[in-house]
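Asks: Got a structure here, written out as structure tokens. Questions coming.
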Amino acid sequence: MSSTLAPRRAARTDPGPHGRRAPRRERLVGRLATLGPGIGYLTVFMLVPLALVLSYTLFHRGRFGGVVHEASTENFTRVADGLYLGVIWTSVKLAGLTTLLALLLGYPTAYLIARLPRSWRTVALVLVVLPFWTNFLIRTYAWIILLNSEGVLNRALTGVGVIDRPLELLYTPGAVVGGLLYAYLPLMVLPLYSAIERLDPQLREASANLGARPARTFWSVTLPLTLPGVLTGCVFVFVPSLGNFVIPELLGGGRTVMVGNLIRDQFLKARDWPFGSTLALTVIALLVLLLMVQAWAARRLAGGNRA
Amino acid sequence: MSDHHAGEPLVSIRSISRRFGDVRALEQVSLEIRQGEFFALLGPSGCGKTTLLRILAGFEHPDSGSVTLDGADLLAVAPHRRPVNLMFQSYALFPHMSVARNIAYGLERERLPRSEIRERVDEVLTTVGLTGLARRRPHQLSGGQRQRVALARAIVKRPRLLLLDEPLSALDKKVRAEMQLELKRLQHEVGITFVVVTHDQEEAMSLADRIAVMSEGRVRQVDAPVPLYERPADLFVADFIGANNLISGVVTADGLRVPDVGLLPCPAVPDTVGVAATLAVRPERVRLGADGGLAGVVRDVTFFGGTTRVAVDVAGLDRPLLVTVAGAAAVGLGDKTRVDWSDTDAVLLDQT
């Protein structure tokens with residue numbers, strides 16, 4: 001027995017020159033096989049277009065559209081113009097408001113789901129993501145039917161007699177925020193749920209045992225320990241809200257212009273690709289900055305929260 | 001505190017029951033825990049001891065029965081208002097707070113002045129030997145240090161009753177022995193009534209003034225460690241606490257008759273002749289190499305340093321008889337020997 005076991009054990013602890021090289025090569029092949037397609041896809045469909053966008057920012061629009069390859073900084077001075085900065089600021093405000101509302105609505109929702117019996121949690125989570133199974137455009141059109149002056153909401157309110165004349169609900173910043181909130185709320189609920197669900201229930205019990213009322217336990221224990229989830233949820237909602245142009249178009253009626261609309265118009269209507277690229281780059285830079293802040297904050301929190 | 005004297009009942013648990021679905025976690029449990037004592041709830045996992053602890057802390061409610069503390073109904077009090085603190089098995093330290101903030105948390109809830117909180121935190125840090133670690137976070141501490149923080153956080157509130165859930169189970173053996181002494185010293189020093197839940201009988205024996213042995217949701221016996229060890233009330237306790245030789249037979253006037261073995265020495269119990277019973281005799285009570293008694297063959301010798309455990313095969317018994325002798329054994333594997341014990345060293349138990 002020992003004579004057959006011994007060489008095998010030796011091979012594991014001290015592999016010969018072949019024994020060592022073969023697994024490493026295998027590992028490399030394995031890595032390429034699993035990572036390769038992803039890296040290839042990202043290179044062709046993300047890095048290359050991004051590099052194009054980046055290069056366009058230095059050129060300017062030809063007389064009949066197209067790109068004139070003459071370097072200039074003209075695009076950047078245009079972005080700094082009050083008009084465009086104003087649109088970017090409006091977009092940040094609307095996306096920020098959407099994120100805040102999503103947090104206020106999403107946290108209690110996620111909290112309740114996390115405290116449901118296990119079998120019901122799955123049902124609740126499926127319900128949260130259920131809207132994703134319907135086309136995004138159709139869901140947004142549904143909001144038009146709800147909100148317009150002859151819409152369901154106005155007719156219900158006039159019918160009950162709360163108001164005399166239909167309210168102007170559609171084509172307002174409020175409608176845009178409502179639409180964004182509706183579209184991205186699940187992206188807030190899911191990371192929050194996972195953060196709350198992972199929280200050791202004994203920490204809440206310990207807090208109560210030490211004399212804390214439920215509200216105190218929430219503010220001092222539950223909320224601080226789920227902040228990483230809050231940060232993730234906020235980024236998940238803020239990022240797509242900032243760049244969205246379909247919802248401002250359909251529910252804002254062109255009266256509430258967000259930076260996404262502006263970029264789309266530069267590319268498709270004004271056919272000023274270099275300036276559109278510059279606007280896009282500005283938004284990307286803004287979001288990268290935001291993600292860096294989030295990563296930094298998350299790392300700081302994680303450092304303190306390790307059990 | 002002066003109106004509460006040691007020995008008076010502090011907690012009275014009267015016939016409480018708790019079920020989880022079909023599982024009976026607690027069945028008609030009644031216990032008295034005395035003022036100032038170190039009480040242990042001992043039993044295998046699933047015996048209901050943790051449920052009982054959680055009822056005292058207020059995280060669970062019994063389906064029936066009552067619990068009073070200082071004569072007042074404890075079950076009507078919300079968990080955060082009970083003068084009862086719990087040291088969790090996992091310690092449940094707040095990971096985002098420093099050691100000092102963890103300990104101060106309970107005092108802040110009492111809205112004490114800052115200066116008093118600081119004083120009491122410093123004081124308790126000295127008591128548990130953690131001075132200088134006040135600003136650390138829990139993840140920067142060793143297991144033993146975390147355990148001390150958890151203990152400090154619970155005793156700083158000066159509760160009427162301190163509950164400890166498997167307090168030493170997460171520590172390695174050496175730290176455990178150290179903390180065992182420490183816990184005893186602390187309990188003496190702070191004068192708080194301790195209730196410790198454990199599945200480790202040695203822990204219970206070495207720590208507690210009195211032990212309640214539980215199994216399948218019922219209390220089997222409540223006693224001090226020595227009587228519990230020497231006079232187990234039933235078969236479960238005899239088997240669970242320490243090592244025991246258990247032999248079934250029928251009681252006669254001269255001893256326990258065991259088929260194919262013979263008559264074994266056992267104490268005389270009135271009105272038991274003819275009754276089927278189980279004899280329990282501790283390995284250290286059995287004499288090896290005696291003149292009389294039973295003949296057997298040494299099957300196994302295990303040397304523990306201070307003592308040696310010898311297993312002797314006796315014809316007619318389905319399990320080898322265990323004998324503990326001081327120092328090294330004079331017998332070797334395969335030796336023929338005899339085993340014997342005095343009738344007063346054995347205990348007779350019902351077979352149920």
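Asks: Restrict the check to segment A:172-189 and report whether at least one residue is without any contact (Cβ under 8 Å) to a residue 24 or more places away in the chain and outside any helix (DSSP H, G or I). Even if it seems obvious, please write down each step before you answer.
Replies: If we filter segment A:172-189 for residues that are without any contact (Cβ under 8 Å) to a residue 24 or more places away in the chain, which is where we start, we get A:174.
Restricting the remaining residues to those that are outside any helix (DSSP H, G or I) gives none.
No: segment A:172-189 contains no residue that is without any contact (Cβ under 8 Å) to a residue 24 or more places away in the chain and outside any helix (DSSP H, G or I).
Asks: On the given criteria, is B:ARG54 within 14 Å of chain A (Cβ to nearest Cβ) and either over 20 Å from B:MET214 (Cα atoms) or among the β-branched types (Val, Ile, Thr) (or both)? Show your work before the answer.
Replies: On the way: within 14 Å of chain A (Cβ to nearest Cβ): yes; either over 20 Å from B:MET214 (Cα atoms) or among the β-branched types (Val, Ile, Thr) (or both): no.
So B:ARG54 fails the test.
Asks: Which ranges mark the helices (runs of 4 or more DSSP H) fully within segment A:244-307 that have 3 or more residues being closer than 25 Å to A:THR99 by Cα and within 14 Å of another protein chain (Cβ to nearest Cβ)? Steps first, please.
Replies: Numbers: elements: A:246-252, A:259-268, A:273-305.
Output list reads A:273-305.
Asks: So, one more: Name the residue that is nearest to B:PRO232 (Cα to Cα), counting only residues in segment B:295-352 that are in a strand (DSSP E or B) and of a type in the set (Gly, Ala, Ser). Show your work before the answer.
Replies: Here is the first cut: in segment B:295-352, the residues in a strand (DSSP E or B) are B:295-303, B:307-314, B:321-326, B:336-340, B:346-349.
Those still in the list that are of a type in the set (Gly, Ala, Ser) too: B:295-296, B:311, B:326, B:346.
Details: B:ALA295: 27, B:GLY296: 27, B:ALA311: 23, B:ALA326: 24, B:ALA346: 11 Å.
Step by step, filter segment B:295-352, then rank; the result is B:ALA346.
Asks: Can you tell me which of (1) surrounded by fewer than 23 Cβ atoms within 10 Å (Cβ to Cβ); (2) of a type in the set (Phe, Trp, Tyr); (3) more than 14 Å from every other protein chain (Cβ to nearest Cβ) is the one A:PHE218 doesn't meet?
Replies: (3)
Asks: Kindly establish whether B:LEU75 is within 11 Å of chain A (Cβ to nearest Cβ) and either outside any strand (DSSP E or B) or among the basic types (Lys, Arg) (or both).
Replies: Spelling it out, it is not the case that B:LEU75 is within 11 Å of chain A (Cβ to nearest Cβ) and either outside any strand (DSSP E or B) or among the basic types (Lys, Arg) (or both).
Asks: Could you say whether any residue in segment A:187-202 is away from every other protein chain (no Cβ under 14 Å), over 28 Å from the mean Cα position of the chain (by Cα) and either closer than 26 Å to A:THR122 by Cβ or surrounded by 20 or more Cβ atoms within 10 Å (Cβ to Cβ) (or both)? Let's see the steps before the verdict.
Replies: Just the residues of segment A:187-202 that are away from every other protein chain (no Cβ under 14 Å), to begin with: A:187-194, A:196-197.
Of the ones still in play, those that are also over 28 Å from the mean Cα position of the chain (by Cα) are none.
No; the residues of segment A:187-202 include none that is away from every other protein chain (no Cβ under 14 Å), over 28 Å from the mean Cα position of the chain (by Cα) and either closer than 26 Å to A:THR122 by Cβ or surrounded by 20 or more Cβ atoms within 10 Å (Cβ to Cβ) (or both).
Asks: Residue check: is B:ALA57 over 30 Å from A:ARG299 (Cβ atoms), within 27 Å of the chain's Cα centre (by Cα) and in contact (Cβ under 8 Å) with a residue 24 or more places away in the chain? Outline the logic, then answer.
Replies: Numbers: over 30 Å from A:ARG299 (Cβ atoms): yes; within 27 Å of the chain's Cα centre (by Cα): yes; in contact (Cβ under 8 Å) with a residue 24 or more places away in the chain: yes.
Answer is yes for this residue.
Asks: Give the residue that is farthest from A:THR282 (Cα to Cα), with candidates limited to residues of segment A:44-70 that are among the hydrophobic types (A, V, I, L, M, F, W, C), surrounded by 10 or more Cβ atoms within 10 Å (Cβ to Cβ) and modelled with pLDDT under 85. Don't jump to the end; show me each part of the working.
Replies: Step one: of segment A:44-70, the residues among the hydrophobic types (A, V, I, L, M, F, W, C) are A:44-48, A:50-54, A:58-59, A:64, A:67-68.
Checking which are surrounded by 10 or more Cβ atoms within 10 Å (Cβ to Cβ) leaves us with A:44-48, A:50-54, A:58-59, A:67-68.
This time we only want the ones that are modelled with pLDDT under 85, so: A:67-68.
Working: A:VAL67: 19, A:VAL68: 21 Å.
Among those residues, the one meeting the criterion is A:VAL68.
Asks: Next question, about the same structure. Among the residues of segment B:229-246, are any under 29 Å from B:PRO83 (Cβ atoms) and of a type in the set (Val, Ile, Thr)? Steps first, please.
Replies: Kept after step one, since they are under 29 Å from B:PRO83 (Cβ atoms), are these residues of segment B:229-246: none.
No - not one qualifying residue is present in segment B:229-246.
Asks: Can you pull out every residue in segment B:204-236 that is closer than 23 Å to B:GLN180 by Cα and crowded, with 22+ Cβ neighbours inside 10 Å?
Replies: B:ALA204, B:LEU207, B:ALA208, B:ILE211, B:ALA212, B:VAL213, B:MET214, B:LEU228
Asks: Here is a check on your reading of the model: is B:GLU123 of a type outside the set (Phe, Trp, Tyr), more than 23 Å from A:GLU205 (Cα to Cα) and either in a helix (DSSP H, G or I) or away from every other protein chain (no Cβ under 14 Å) (or both)? Talk me through it step by step, then tell me what you get.
Replies: Values: of a type outside the set (Phe, Trp, Tyr): yes; more than 23 Å from A:GLU205 (Cα to Cα): yes; either in a helix (DSSP H, G or I) or away from every other protein chain (no Cβ under 14 Å) (or both): yes.
Here the answer is yes, as B:GLU123 does meet what is asked.
Asks: Also, quick follow-up: Run B:ARG137 past the list (1) closer than 26 Å to B:ARG82 by Cα; (2) within 14 Å of chain A (Cβ to nearest Cβ) and report the number of the one that doesn't hold.
Replies: All conditions pass for B:ARG137, except number (1).
Asks: So, in segment B:148-175, how many residues would count as being in a helix (DSSP H, G or I) and within 14 Å of chain A (Cβ to nearest Cβ)?
Replies: Result for segment B:148-175: 7.
Asks: Let me ask another. Any residue in segment B:79-91 that is within 11 Å of chain A (Cβ to nearest Cβ), part of a loop (DSSP other than H, G, I, E, B), hydrophobic (A, V, I, L, M, F, W, C) and in contact with a helix residue (DSSP H, G or I) (Cβ under 7 Å, 6 or more places away or on another chain)?
Replies: Within segment B:79-91, the first condition is being within 11 Å of chain A (Cβ to nearest Cβ), and the residues that meet it are B:79-91.
When the remaining residues are screened for being part of a loop (DSSP other than H, G, I, E, B), the result is B:82-83, B:88-91.
Next, from what is left, pick out any that are hydrophobic (A, V, I, L, M, F, W, C): B:88.
When the remaining residues are screened for being in contact with a helix residue (DSSP H, G or I) (Cβ under 7 Å, 6 or more places away or on another chain), the result is B:88.
Checking segment B:79-91: at least one residue is within 11 Å of chain A (Cβ to nearest Cβ), part of a loop (DSSP other than H, G, I, E, B), hydrophobic (A, V, I, L, M, F, W, C) and in contact with a helix residue (DSSP H, G or I) (Cβ under 7 Å, 6 or more places away or on another chain).
Asks: If you scan segment B:257-290, which residues turn out to be in contact (Cβ under 8 Å) with a residue 60 or more places away in the chain, over 18 Å from B:VAL312 (Cβ atoms) and either part of a strand (DSSP E or B) or hydroxyl-bearing (Ser, Thr, Tyr) (or both)?
Replies: As a first pass, look at segment B:257-290 and keep what is in contact (Cβ under 8 Å) with a residue 60 or more places away in the chain: B:264-269, B:272, B:276-282, B:285.
Checking which are over 18 Å from B:VAL312 (Cβ atoms) leaves us with B:266-269, B:272, B:276-278.
If the condition is that a residue be in contact (Cβ under 8 Å) with a residue 60 or more places away in the chain, over 18 Å from B:VAL312 (Cβ atoms) and either part of a strand (DSSP E or B) or hydroxyl-bearing (Ser, Thr, Tyr) (or both), then B:THR272, B:ALA276, B:ALA277, B:THR278 are the ones that fit.
Asks: Read through the list (1) under 30 Å from B:ARG81 (Cα atoms); (2) in contact (Cβ under 8 Å) with a residue 40 or more places away in the chain, then give the number of the only condition that A:VAL259 fails.
Replies: It fails just one condition, (1).
Asks: Out of all the residues in segment A:208-229, which are outside any helix (DSSP H, G or I) and more than 19 Å from B:LEU86 (Cα to Cα)?
Replies: Looking only at segment A:208-229, we keep the residues that are outside any helix (DSSP H, G or I), and these are A:210-213, A:226.
The answer is A:THR226, and nothing else.
Asks: Only residues that are surrounded by 15 or more Cβ atoms within 10 Å (Cβ to Cβ) and within 9 Å of another protein chain (Cβ to nearest Cβ): list them for segment B:103-120, please.
Replies: B:TYR105, B:GLY106, B:LEU107, B:GLU108, B:ARG109
Asks: Does segment B:61-70 include one or more residues that are within 30 Å of B:VAL29 (Cα to Cα), of a type in the set (A, V, I, L, M, F, W, C), in contact with a strand residue (DSSP E or B) (Cβ under 7 Å, 6 or more places away or on another chain) and within 13 Å of chain A (Cβ to nearest Cβ)? Talk me through it step by step, then tell me what you get.
Replies: To start, the set of residues in segment B:61-70 that are within 30 Å of B:VAL29 (Cα to Cα) comprises B:61-70.
If we keep only those that are of a type in the set (A, V, I, L, M, F, W, C) as well, we get B:67, B:69.
Okay, now just the ones that are also in contact with a strand residue (DSSP E or B) (Cβ under 7 Å, 6 or more places away or on another chain), so B:67, B:69.
Next, from what is left, pick out any that are within 13 Å of chain A (Cβ to nearest Cβ): none.
Checking segment B:61-70: not a single residue is within 30 Å of B:VAL29 (Cα to Cα), of a type in the set (A, V, I, L, M, F, W, C), in contact with a strand residue (DSSP E or B) (Cβ under 7 Å, 6 or more places away or on another chain) and within 13 Å of chain A (Cβ to nearest Cβ).
Asks: In segment A:203-211, is there at least one residue being surrounded by fewer than 18 Cβ atoms within 10 Å (Cβ to Cβ) and modelled with pLDDT of 85 or more?
Replies: Pass one, segment A:203-211, residues surrounded by fewer than 18 Cβ atoms within 10 Å (Cβ to Cβ): none.
No, every residue in segment A:203-211 fails to be surrounded by fewer than 18 Cβ atoms within 10 Å (Cβ to Cβ) and modelled with pLDDT of 85 or more.
Asks: Do you know which of the residues in segment B:92-102 that are more than 7 Å from chain A (Cβ to nearest Cβ) and hydrophobic (A, V, I, L, M, F, W, C) is surrounded by the fewest Cβ atoms within 10 Å (Cβ to Cβ)? Even if it seems obvious, please write down each step before you answer.
Replies: Looking only at segment B:92-102, we keep the residues that are more than 7 Å from chain A (Cβ to nearest Cβ), and these are B:93, B:97-102.
Going one step further and asking which of them are hydrophobic (A, V, I, L, M, F, W, C), we end up with B:93, B:97, B:99-100.
On the way: B:LEU93: 24, B:MET97: 18, B:VAL99: 26, B:ALA100: 20.
My answer is B:MET97.
Asks: Next question, about the same structure. Check whether at least one residue in segment A:232-239 is of a type in the set (Gly, Ala, Ser) and either in a loop (DSSP other than H, G, I, E, B) or away from every other protein chain (no Cβ under 14 Å) (or both), and report yes or no. Can you show your working first?
Replies: Start the filter on segment A:232-239 by keeping residues that are of a type in the set (Gly, Ala, Ser), which leaves A:233.
This time we only want the ones that are either in a loop (DSSP other than H, G, I, E, B) or away from every other protein chain (no Cβ under 14 Å) (or both), so: A:233.
Yes; the residues of segment A:232-239 include at least one that is of a type in the set (Gly, Ala, Ser) and either in a loop (DSSP other than H, G, I, E, B) or away from every other protein chain (no Cβ under 14 Å) (or both).
Asks: Just one of A:LEU210, A:LEU167 is farther than 19 Å from A:LEU103 by Cα, without any contact (Cβ under 8 Å) to a residue 24 or more places away in the chain and within 14 Å of chain B (Cβ to nearest Cβ); which is it?
Replies: Details: A:LEU167 fails: within 14 Å of chain B (Cβ to nearest Cβ).
Exactly one residue qualifies, and that residue is A:LEU210.
Asks: Moving on to the next point. Among the residues in segment B:34-43, are any out of contact with any Ser or Thr (no Cβ under 7 Å at 6 or more places or on another chain), surrounded by fewer than 22 Cβ atoms within 10 Å (Cβ to Cβ) and either on the phi > 0 side of the Ramachandran plot or at the interface with chain A (Cβ under 10 Å from one of its Cβ atoms) (or both)?
Replies: Looking through segment B:34-43, none of the residues is out of contact with any Ser or Thr (no Cβ under 7 Å at 6 or more places or on another chain), surrounded by fewer than 22 Cβ atoms within 10 Å (Cβ to Cβ) and either on the phi > 0 side of the Ramachandran plot or at the interface with chain A (Cβ under 10 Å from one of its Cβ atoms) (or both).
Asks: What's the total number of residues in segment B:22-33 that are assigned to a strand (DSSP E or B) and more than 16 Å from the chain's Cα centre (by Cα)?
Replies: Here is the first cut: in segment B:22-33, the residues assigned to a strand (DSSP E or B) are B:23-33.
Of the ones still in play, those that are also more than 16 Å from the chain's Cα centre (by Cα) are B:23-30.
Selection size over segment B:22-33: 8.
The values are calculated or read from the model by the stated rules, or taken from the named source; none is laboratory data. It should be emphasised that the depicted structure is a prediction, and the values quoted were computed from it without experimental measurement. Reconstructed Cβ throughout: ideal geometry from the backbone, glycine too, with neighbour counts over all protein chains shown.
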